[in-house]
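Novice: First the structure, which I've put down as structure tokens, then a few questions once you've had a look.
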Ligand SMILES: [Zn+2]
């Protein structure tokens, strides 16, 4: 489900809920008109007076106009009182700002934005634990503070966490750099990517997050099955694309060119992408062809995650 789908669903929900409220009130008023003769009479009087008032306003007879307006006012007061006695209240809107229309001051109302964002995050959480991943719960205590040949895991990961946090704060959908997270499984690449996605989605950016397996399988089946490139176009056009576990998908010549096209199109449009992979650069070179490897090497900021498999450490603890 795309961000736009979420907005469409939320608008639809609002429309349905408002229309149910309106219908309920209209039915109650129609019933009252049948049961209460005075209430029905007021309706007719007010409508006749309304027309008369309009004509009098044009004629310029100010005294007459004021008298008509007073009568209308009194009738309306009486009508309100009958409604109140019958227990028929004004419509209670969920959002006073947009009166449940979804638009306020000609813009999409915050209530819709919030509902669509929540729905979008909920949808991602069906396939990845986005709701459980934040920068704050990225636990640095799992990374040993020892110097190894590749570096000190604690120092490296402290630096990576800081980099991604700052990246999210300064995020620019038309200029932020693209990131490549490398390293073995269980070192927090997915956690950090989800935390970044979570943060930016909450701030209203259109972020697409998915495993390479899911993203590419969907694009391939749409392309060949439905002759549509909807998911591909959304992936190249969104504010931030996060591809988790590049190399975890089934590789075919179609996927190879898809990966290149996505990476290259987004680079040309200066749109940032974040890629996670367990593969080394030489494996990327071999699997996705040198042109993909050269784009990643030349244009992405690569960070190698260090440490010992956190999932392993957690299961050893239990
Ligand atoms: Zn609203």
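The values are calculated or read from the model by the stated rules, or taken from the named source; none is laboratory data. Worth saying up front: this structure is predicted, and the values here are computed from it rather than measured. Please note: Cβ atoms are built from the backbone with ideal geometry, for glycine as well, and neighbour counts cover all protein chains shown.
Novice: Is it true that some residue in region 193-215 is more than 29 Å from residue 159 (Cβ to Cβ), touching a helix residue (DSSP H, G or I) at 6+ places or on another chain (Cβ under 6 Å) and either surrounded by fewer than 24 Cβ atoms within 10 Å (Cβ to Cβ) or outside the structural domain of residue 129 (by TED's automatic domain parsing) (or both)?
Specialist: The answer is no, given that none of the residues of region 193-215 is more than 29 Å from residue 159 (Cβ to Cβ), touching a helix residue (DSSP H, G or I) at 6+ places or on another chain (Cβ under 6 Å) and either surrounded by fewer than 24 Cβ atoms within 10 Å (Cβ to Cβ) or outside the structural domain of residue 129 (by TED's automatic domain parsing) (or both).
Novice: Which count do you get for residues in region 148-172 that are in a helix (DSSP H, G or I) and either more than 16 Å from residue 187 (Cβ to Cβ) or modelled with pLDDT under 95 (or both)?
Specialist: Number satisfying all stated conditions: 6.
Novice: Restricting attention to region 114-147, which residues are assigned to a helix (DSSP H, G or I) and more than 16 Å from the ligand (Cβ to nearest atom)?
Specialist: 120, 121, 122, 123, 124, 130, 131, 132, 140, 141, 142
Novice: Here's a follow-up. Could you tell me which of the residues 111, 98 is assigned to a loop (DSSP other than H, G, I, E, B), within 16 Å of the ligand (Cβ to nearest atom), at pLDDT 95 or above and outside the structural domain of residue 29 (by TED's automatic domain parsing)?
Specialist: 98
Novice: Separate question: Inspect region 177-189 for any residue being within 16 Å of the ligand (Cβ to nearest atom) and in contact with a helix residue (DSSP H, G or I) (Cβ under 7 Å, 6 or more places away or on another chain) and give the result as yes or no.
Specialist: no
Novice: If the requirement is being surrounded by 16 or more Cβ atoms within 10 Å (Cβ to Cβ) and within 16 Å of the ligand (Cβ to nearest atom), which of these qualifies: 7, 39?
Specialist: After ruling out the rest, the residue left standing is 7.
Novice: Which of the residues belonging to region 69-95 are under 43 Å from the mean Cα position of the chain (by Cα), in a helix (DSSP H, G or I) and either within 16 Å of the ligand (Cβ to nearest atom) or in contact (Cβ under 8 Å) with a residue 12 or more places away in the chain (or both)?
Specialist: 83 - this is the single residue of region 69-95 that is under 43 Å from the mean Cα position of the chain (by Cα), in a helix (DSSP H, G or I) and either within 16 Å of the ligand (Cβ to nearest atom) or in contact (Cβ under 8 Å) with a residue 12 or more places away in the chain (or both).
Novice: So, in region 112-127, of the ones that are in contact (Cβ under 8 Å) with a residue 12 or more places away in the chain and farther than 16 Å from residue 200 by Cα, which residue ends up surrounded by the most Cβ atoms within 10 Å (Cβ to Cβ)?
Specialist: Among them, the one singled out is 112.
Novice: Further, regarding this structure: Kindly indicate which of 145, 137, 184 is without any contact (Cβ under 8 Å) to a residue 60 or more places away in the chain and more than 29 Å from residue 10 (Cβ to Cβ).
Specialist: 145
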